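Quick notes on the structure that follows.
Just so you know, all these numbers are worked out from the coordinates, no wet-lab data involved. Keep in mind that what you see is a predicted model, and the values were worked out from it rather than measured. Cβ sites come from the backbone with ideal geometry, for glycine too, and all protein chains shown count toward neighbours.
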Amino acid sequence: MDKREAEEHWIGDSFSFSNFNNIPSEIFIEICKNIAPLDLIELSLVCRSFWRCLSSRTSNTTQMIWRVSREQFLCHKLPPPVDMCEQDYISLVLYNKCHFCKNVYSSIFWVFRKRFCKQCLKERTICYDDFNEAWKKIPLKAIRGLRYIKMYNKIPYTEKYELHRYYLIEDIKILYDEFIVLVLQNKDNDFIVSWELDKHMKGNIYMKEISKYSKEQMAVQSTIFRSNMIKLGKILDSLMEERSIDDNRPKYELDVLYDCLDAKNAFSTTDQLLLNEKEINNMRESLVAVYPEIKKKHRKKGAKKTRANRNVIREIREIREISEISEIIE
């Protein structure tokens, strides 16, 4: 993009560079394209002008900046879903808080394009068996066209479970209101059949399209998890190599270090974002800081390695061995 085109894009969106020392627009764009998404968010909060430049949902230039940054620094390579801008797409990927209650223990549900914790998901979704009498009047084919997730329900009086479709309650309410309008307008049966078939067809197309984001998310989480577990393993190795000055014995015990990792919730975020060098150093320092306290509790309980810790140790070792083999092959 040459200087004139860049200025047309940004001036057309009422952007002005007069407040940041007349930086040429094409230079500012190039700078932003080489900044990680989290840093772009911080940059947008520096001043009102930066905010206007980087928060636009309609500017092609703004969307291009966020897209290039995402493709360069994040593992998510698919373009945003239809009707979702780059900023919302990146926020959904990066921030691990529930969309409703802000609980940090949440998961992305691409079908709904939101993050849910377990409680909010339970409160805001419903299966057909739990519909009220009014909602059950909606044609079933139209309901089948709504976006949904599948979850297991326990069959009453048995130990068995069966798979059910769960819909967003807000989607059901919107569909019901739309259906009631058709009824009040005295639309004939052929029109209503055509309406429900259209809903069903559009819903199937949406579900097929959105499934690729769920698949990519699983692959990304697996990649991030493996990488972060290897980095945590290297932290443990470096600590285990340290020796006491007095008797030259290992300064740290592996079991206690794993209790330290649990205490710092290190494993709860291993599939969210790749740990950078600063975060690794901070993690190492925090483990060293909390180690004496955890060791006292460890001794007091006479604790042995828990099954979970043994599994984590084995998992890290397996991941590291596979990584080392692949490095040798390469």
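Which entries in the list K208/K231; K33/K118; K160/K202; K114/K141; K33/K173 go over 30 Å, if you measure between the two C-alpha atoms of each?
Values: K208/K231 36 Å; K33/K118 36 Å; K160/K202 33 Å; K114/K141 25 Å; K33/K173 42 Å.
With Cα atoms farther than 30 Å apart: K208/K231; K33/K118; K160/K202; K33/K173.
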Considering only DSSP states other than H, G, I, E and B, which GluC sites (Glu not before Pro) in region 187-251 qualify as loop sites with at most 13 other Cβ atoms within 10 Å?
E241, E242
State which entries of K150/K199; K77/K278; K102/K137; K97/K278; K234/K297; K251/K278 exceed 31 angstrom in Cα-Cα distance in the structure shown.
K102/K137
Above 15 Å lies some portion of the pair distances; for region 193-245, what is it as a whole percent of all C-alpha pairs?
70 percent
Just want the answer: with Cβ charges of +1 for Lys and Arg and -1 for Asp and Glu, which residue in W135, Y161, S107 is farthest toward the dipole's positive end in region 107-187?
S107
Among residues other than N281 whose Cβ falls under 13 Å from its Cβ, what is the net charge (Lys/Arg +1, Asp/Glu -1)?
+1
